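A.B. asks: Submitted below is the structure of interest, expressed as structure tokens.
The values are calculated or read from the model by the stated rules, or taken from the named source; none is laboratory data. Note that the structure is a prediction, hence the values are computed from the model and not measured. Note that we place each Cβ from the backbone using ideal geometry, even for glycine, and neighbour counts take in every protein chain shown. Each accessible area value is taken on the protein alone, full model and side chains, heavy atoms only, with ligands, DNA and RNA left out. Shrake-Rupley method; radii C 1.70, N 1.55, O 1.52, S 1.80 Å.
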Amino acid sequence: MRVKKTYPANQLRDYSTLFMRSEIFRLLNNDHSSINLKIERYDKNLYEKDVTYLQYLKYLYKVLGKHYQNEYYFKNEFLNKWLKSELGKSDSVIFSEFRIGKAIADLAMFNGSSRVFEIKTALDKMDRLSGQLEAYRRVFNEIYLIVPTEYLNNYLDCDKDVGIISFDSQENSFQMIRNANSLLKIEVSALMEVLYTHEYKEIVLSYYGFLPKMTDFTQFDICSQYIRRIPLEDLNKLFVSRIKLRMVHNLFFNKRNSEINQVCLSLNLNKKDRELLITNLNRQIIS
């Protein structure tokens, strides 16, 4: 399968949807109906060839890399070429789509501190950026923007505390343009929105050595009051430590199947599910 010089825009958008969580979840359940529709619509010639669904997805990923670098492509490349190496150096934990209030961070990493990564592709507008940065600033120690090299100047004047990483689509490489300044401005109200009930109770217990009297109806307010009295440096350490205990499967494919690392992280697939997905994708495409 050779990448063509041009594709219609609607075809590229259709291709990109096959890397969505819902589509990969279908394939995990051995449901090939959606991907078959795309093949029937755009690539019927594959019926005459000995091609698997996995090979087809790899081909589509190349097409996206050449003609339609959307958020999935950006995020997956950053994960493979930057964050995976970070995992090998430390006890880091990576989350895809980490919710902070109404904002959802593209990627978040927790080790000794907390870092958040917001991706802005050529397809994104800047109108939501200030609100996203404000939300991240309430919880995270370091904030990074990942932007295409050709749009770099649009982002250099934003908050100077925010780090900038550029992505060169021609070289397919990332470069640190500006390091983020370390922040310690945790807002407890934002923190409480991030934490599950058992997590904020464990933070109180860990710091004070006991849990105050409370009911299911009062535990949120009472724990909030206790957490507000914890010095910020201690609270930051407790927060990062607790988040790292969440059941996150930071298992990644090597280069062979690295095209689907991001969506597997997003679905938090364990080793058994990842193997099942590959088994289902290795089926041959038939008409």
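A.B. asks: Could you give every pair whose Cβ atoms fall below 6 Å, whose first residue belongs to the stretch 233-251 and is under 26 Å from S266 (Cβ atoms), and whose second residue is open to solvent by less than 50 Å² (accessible area, probe 1.4 Å) and among the hydroxyl-bearing types (S, T, Y), counting only separations of at least 6 or pairs across chains?
C.D. replies: Pairs found: V240/S114.
A.B. asks: Next up: Open to solvent by 30 Å² or more (accessible area, probe 1.4 Å) and of a type in the set (D, E, K, R): which single residue out of K75, K62 fits that description?
C.D. replies: K62 is the lone residue from the list that is open to solvent by 30 Å² or more (accessible area, probe 1.4 Å) and of a type in the set (D, E, K, R).
A.B. asks: Of the conditions (1) open to solvent by 90 Å² or more (accessible area, probe 1.4 Å); (2) not in a helix (DSSP H, G or I), K272 fails just one. Which one is it?
C.D. replies: Looking at each condition in turn, K272 falls short on (2).
A.B. asks: Could you please find all residues in the stretch 120-131 being more than 17 Å from M176 (Cβ to Cβ) and either out of contact with any Asp or Glu (no Cβ under 6 Å at 6 or more places or on another chain) or basic (K, R) (or both)?
C.D. replies: If the condition is that a residue be more than 17 Å from M176 (Cβ to Cβ) and either out of contact with any Asp or Glu (no Cβ under 6 Å at 6 or more places or on another chain) or basic (K, R) (or both), then A122, L123, D124, K125, M126, D127, R128, L129, S130, G131 are the ones that fit.
A.B. asks: Separate question: Here are some conditions: (1) part of a helix (DSSP H, G or I); (2) touching a residue at least 40 places away in the same chain (Cβ under 8 Å); (3) open to solvent by 40 Å² or more (accessible area, probe 1.4 Å); (4) under 21 Å from N280 (Cα atoms). I24 meets all but one. Which one does it not meet?
C.D. replies: (3)
A.B. asks: Looking only at the stretch 275-287, which residues are open to solvent by 10 Å² or more (accessible area, probe 1.4 Å) and either assigned to a helix (DSSP H, G or I) or of a type in the set (K, R) (or both)?
C.D. replies: Those that are open to solvent by 10 Å² or more (accessible area, probe 1.4 Å) and either assigned to a helix (DSSP H, G or I) or of a type in the set (K, R) (or both): E275, L276, I278, T279, R283.
A.B. asks: Quick one: L83 ticks every box in (1) free of Cβ contacts under 8 Å to residues at least 12 places away in the same chain; (2) surrounded by 20 or more Cβ atoms within 10 Å (Cβ to Cβ) bar one, so which box is it?
C.D. replies: With (1) free of Cβ contacts under 8 Å to residues at least 12 places away in the same chain; (2) surrounded by 20 or more Cβ atoms within 10 Å (Cβ to Cβ) applied to L83, the lone miss is (1).
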